[in-house]
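Below: the structure, in structure tokens.
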Amino acid sequence: MNKGNKELNSYAENTWCPGCGNFAILNASKKVFADKDQKNLVMVAGIGCHAKLVDYIDLNHFYSIHGRVPATATGIKLGNPELTVIGFAGDGDAYGEGLAHLMFAAKRNINITMVIHNNGVYGLTTGQFTPTSPEGFKGKSTPWGSVERPFNPLTLMLGAGATFISRSYSNRMENLEMVIDEAMKHKGFSFVEVLQPCYTFYNTYKIYNEKVYDLEEEPPKEHVIEKMTEWNYGSKGNIPIGIFYRETRPTYDESMLREMVPARRKEEIDIEDLLKENT
Amino acid sequence: MEDISILVGGKAGDGIRIAAIIVARLFSRYGYRVFVYDDYPSLIRGGHNFSLIRVSRQKVQANNVGVDLIVALDKQTIEKHASELNDGGVILFDSSKGEVETEGVGVPFKEIVKEMEGMSIMRNSAALGAIAKVAEIDWKIVEEVFYKFLPKKTDLNLKIARKAYDMASAGNLKVENLNQEMMPIISGNEAIGLGAVKAGMAVYYAYPMTPSTGILHFLAANRDRFNILVVHPENEIAVILMALGSAYSGAKTMVGTAGGGFALMVEGLSLSAQSEIPITIVVGQRAAPSTGVPTYSLQSDLHFVLNAGHGEFPRFLVAPGDAEEAYYYTGVAMNVAWSCQVPSIVLSDKNLSEGNYSFDSSMYTVEEAQPILWDGKGDYLRYKDSENGVSPLAFPGNKSATVKVTSYEHDQYGITTEESEKVAFMQQKRLQKTEAVKKEIEDIEAVKAYGKDSDTVIFTWGSTKGACVEAADALGLKVLQPIIMEPFPDLSSYIKDAGRIVTVETNATGQLARLLENNGIRVDHKVLKYNARPFFTDELIERLRKEVL
């Protein structure tokens, strides 16, 4: 029996700041999860404000460590491919501490979904620049203004081989639900970036409300990069949201496991033959 | 002769290591017990490689400096090792023009290969043919071994070997038929892999790193036979996180690395402790700090693995000393990890991991232990309070259980908590598992004793026990080898009559000695070696005579 919207709430006390973009991601996720096979659903989180989400939803979870969500999620999926695995990570977490894992998860096309809560700032550690903060960002570790350019996670994911690439905005609820649902339905590595203002340390509501627009339709192949780079996480350009890219490719779990379910492996291995071969 | 030491030397790319193991296999057919140590630099071509092969009626697990036969495929072998030849020993060398010039049995390996239109690496087959002749090994045995263990271009290799066999002359190293059962020859790494598979390992994750790469290669090559998953991820951090993910799903997993890779895994070790997800980590020690001397042996990571990880938590640590122990104690480590939900570590070293041993499979049996599973009654609590701190397991996919695991301190259900009482309670719950581990290993031999009772007692660990046991036998001394390093065993009954306590280990500061002293055992003298080579039996006998007796 599936848990409804209300039963999906755990008893954990919600400690996000009022106005936090994470609320929207929590609500959208619950709504999408209400119709999924919940016993086989596993949420994975890193460390940061985003990660509290898994404590708040009353489903299986692996609350992992900073940067390692894609690796943890990959291991869960390889252990039991019947599980549906969705990872949540912040921008500091997935783009900073653990970028290699994110790139490799995309490269392998492991059948998991990664939702990146991108608020352009480290919230839990009270306000430092992240890999997607704009140049000149004045945080507590760069009071003079960051001298680094942000990178564009969408083109990074495209280059790495992600087979589903999308972006949404926490203040566009319908789009957010649609994108998370489509990402989970996609067979292969699904990347969802959610622009999510940090009300306390980096309030971007005003800018996003002005600049965000819905792609409505997935751009044709030849316009994918153009759409992905319309906004390069700086001050220029409008910000398209929606699904940018989708392709079908064999998944890592299928190719590696070939019907095997390691979690259910029960085998008596006889090593005598192997020893004889070495005698 | 019943105990023969052979050195085969040449350049990297000469096929020295293959030749060495074939030599061991030739003698093994006559009932000899063998031990092969490969000394090779960290490069692909050139340099100087050599392998030491010891064959004996008795089980041997160490080499001697002094050898009875030197097989030289290059000049350097003579320059570096001619002085190590025992009285009455033989030098067998490639007498082709421009190769080696020395006294002994010269056979033109290179010219034979050229004549037969073989590849240059096939000089090692010529050397093998000549070695067989020197030791008067029956040609039929050579054929048998070549067909079984050199499946590529066997006939050509045999033709080359035969020519050298015919050109060489018998030395005074005649092989004897020992009328003992033939044993398989496997490496320490293979033994570790076999132990894990027997204990139910379903997934192996590893990033290549000497000296543990052999486990990865062995398990990958046998993936289908064992019906396991073998994965080589992007780095060691991914290795351990993926392993913990799979274990959370319910799959028994193991990871393997060396000290440097383990350094990267340490955050995952701590996560394993907090989340109580079982994991077994193989750490093959090599000469460190840092990159160190990557293809050479040292036992300098004992305190690193004993103390690694932020926070206080129980762990299980074994340090096997030979292939049989590697097989058995890896199985024990897997079982303890799953029965007690603690991280377990198998601490090996290059000498053991890459050493090749006659393997006596009748010594130990590995059986998979079943973890305590949730009975399905009431609400599932992943971190439920229990008498010994071990909470029953359920895995995601179970329709009656929500399985919440976490790196944060948590309540019994698995939700983050910072409440003082709950924090203290959970810390206690985890520490209680030390007692669960002790109970689990009650019937498992934690310390091995060798030799006669003597006033002076030698403590050793890991692969160093090979040289120690032999040296102590020659000198009439008692040897103790702790294998379970954590929880550290009670040794009082073993040393109640000991006068002097001496430690023998290959590191610069005496890590076993420090562990003994931490456990209240006074150490009188430390015999140390830290030039990244293992102890040799004859060398160790000399040092014990000089320093201890």
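The residue list B:GLY355, B:GLY389, B:GLY414 contains one member that is in contact (Cβ under 8 Å) with a residue 12 or more places away in the chain, within 30 Å of B:ARG286 (Cβ to Cβ) and not aromatic (Phe, Trp, Tyr), which is B:GLY355. Considering only residues that are more than 7 Å from every other protein chain (Cβ to nearest Cβ) and aliphatic (A, V, I, L, M), which ones fall in region A:62-82? Matches in region A:62-82: A:VAL69 only. In the condition set (1) over 30 Å from B:ASP224 (Cα atoms); (2) at the interface with chain B (Cβ under 9 Å from one of its Cβ atoms), A:ARG246 is compliant with all but (2). Within the option set B:GLU324, B:GLU267, being within 16 Å of the chain's Cα centre (by Cα) and not in a loop (DSSP other than H, G, I, E, B) holds for one residue only, B:GLU324.
Which one is farthest from the other protein chains (Cβ to nearest Cβ), of the residues in region B:362-410 that are touching a helix residue (DSSP H, G or I) at 6+ places or on another chain (Cβ under 6 Å) and over 24 Å from A:ALA73 (Cβ atoms)? Taking the candidates together, the pick is B:ASN388. For B:LEU156, the criteria (1) assigned to a helix (DSSP H, G or I); (2) surrounded by 21 or more Cβ atoms within 10 Å (Cβ to Cβ); (3) hydrophobic (A, V, I, L, M, F, W, C) hold in every case but one, which is (2).
Every condition in (1) in contact with a Cys (Cβ under 8 Å, 6 or more places away or on another chain); (2) farther than 25 Å from B:ALA319 by Cα is met by B:GLY414 except one, and the failing one is (1). Can you tell me which residue among B:GLY256, B:GLY245 is at pLDDT 95 or above and either within 7 Å of chain A (Cβ to nearest Cβ) or in contact with an Asp or Glu (Cβ under 7 Å, 6 or more places away or on another chain) (or both)? Result of the check over B:GLY256, B:GLY245: B:GLY245. Of the residues making up region A:252-268, those that are within 8 Å of chain B (Cβ to nearest Cβ) and part of a helix (DSSP H, G or I) are A:MET256, A:LEU257, A:PRO262, A:ALA263, A:ARG264. Restricting B:ALA191, B:ALA196 to residues that are in contact with a strand residue (DSSP E or B) (Cβ under 6 Å, 6 or more places away or on another chain) and in a helix (DSSP H, G or I) narrows the list to B:ALA196. For region A:107-128, state whether one or more residues are assigned to a helix (DSSP H, G or I) and more than 21 Å from A:CYS49 (Cα to Cα). Yes, the conditions are met somewhere in region A:107-128. Highlighted here are the strands (runs of 3 or more DSSP E) found entirely within region B:411-528 that include at least 2 residues which are buried (at least 20 other Cβ atoms within 10 Å of the Cβ), more than 14 Å from every other protein chain (Cβ to nearest Cβ) and not charged (D, E, K, R): B:456-460, B:478-482, B:484-486, B:500-505. The set of residues in region B:49-82 that are aliphatic (A, V, I, L, M) and touching a residue at least 60 places away in the same chain (Cβ under 8 Å) comprises B:VAL60, B:ALA62, B:VAL65, B:VAL67, B:LEU69, B:ILE70, B:VAL71, B:ALA72, B:LEU73.
Only one entry of B:ILE240, B:ILE215 meets the criterion of being among the hydrophobic types (A, V, I, L, M, F, W, C), over 28 Å from B:THR509 (Cα atoms), more than 14 Å from chain A (Cβ to nearest Cβ) and buried (at least 23 other Cβ atoms within 10 Å of the Cβ), and that entry is B:ILE215. Within the option set B:SER348, B:SER339, being closer than 30 Å to B:PHE27 by Cβ, more than 14 Å from chain A (Cβ to nearest Cβ) and at pLDDT 95 or above holds for one residue only, B:SER348.
Take the conditions (1) part of a helix (DSSP H, G or I); (2) at the interface with chain B (Cβ under 9 Å from one of its Cβ atoms); (3) touching a helix residue (DSSP H, G or I) at 6+ places or on another chain (Cβ under 8 Å); A:ASP273 misses just one of them, which is (3). Residues of region B:137-149 include at least one that is assigned to a helix (DSSP H, G or I), among the hydroxyl-bearing types (Ser, Thr, Tyr), modelled with pLDDT of 95 or more and within 33 Å of the chain's Cα centre (by Cα).
Yes/no matrix, rows are residues, columns are (1) closer than 22 Å to A:LEU53 by Cα; (2) part of a strand (DSSP E or B):
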residue	(1), (2)
A:PHE151	no, no
A:SER166	yes, yes
A:GLU174	yes, no
A:GLY188	no, no
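State whether the residues of region B:109-123 include one that is free of Cβ contacts under 8 Å to residues at least 60 places away in the same chain, farther than 30 Å from B:GLU367 by Cβ, surrounded by fewer than 20 Cβ atoms within 10 Å (Cβ to Cβ) and small (Gly, Ala, Ser). Looking through region B:109-123, at least one residue is free of Cβ contacts under 8 Å to residues at least 60 places away in the same chain, farther than 30 Å from B:GLU367 by Cβ, surrounded by fewer than 20 Cβ atoms within 10 Å (Cβ to Cβ) and small (Gly, Ala, Ser). Restricting B:ALA474, B:ALA436, B:ALA424 to residues that are closer than 25 Å to B:GLU324 by Cβ, of a type outside the set (Phe, Trp, Tyr) and at pLDDT 95 or above narrows the list to B:ALA474.
Selection of region A:153-164 for residues being buried (at least 18 other Cβ atoms within 10 Å of the Cβ), out of contact with any strand residue (DSSP E or B) (no Cβ under 9 Å at 6 or more places or on another chain) and part of a loop (DSSP other than H, G, I, E, B) yields an empty set.
Residues that are within 14 Å of chain A (Cβ to nearest Cβ) and closer than 16 Å to B:GLY256 by Cα were ranked within region B:267-317; the one that is surrounded by the fewest Cβ atoms within 10 Å (Cβ to Cβ) is B:GLU267. Scanning region A:83-95 for residues that are under 14 Å from A:HIS50 (Cβ atoms) and either buried (at least 24 other Cβ atoms within 10 Å of the Cβ) or at the interface with chain B (Cβ under 10 Å from one of its Cβ atoms) (or both) yields A:ILE86, A:GLY87, A:PHE88, A:ALA89, A:GLY90, A:ASP91, A:GLY92, A:ASP93, A:ALA94. Going residue by residue through region A:253-276, is there one that turns out to be within 20 Å of the chain's Cα centre (by Cα) and not basic (Lys, Arg)? There is at least one residue in region A:253-276 that is within 20 Å of the chain's Cα centre (by Cα) and not basic (Lys, Arg). Annotation note: of A:VAL212, A:VAL179, A:VAL115, the sole residue that is under 23 Å from A:LEU83 (Cα atoms), touching a Phe, Trp or Tyr at 6+ places or on another chain (Cβ under 6 Å) and either in contact (Cβ under 8 Å) with a residue 12 or more places away in the chain or buried (at least 19 other Cβ atoms within 10 Å of the Cβ) (or both) is A:VAL115.
The values are calculated or read from the model by the stated rules, or taken from the named source; none is laboratory data. Just so you know, these numbers come straight off a predicted model, no measurement behind them. Glycine also receives a Cβ, built like all others from the backbone with ideal geometry; neighbour counts cover every protein chain displayed.
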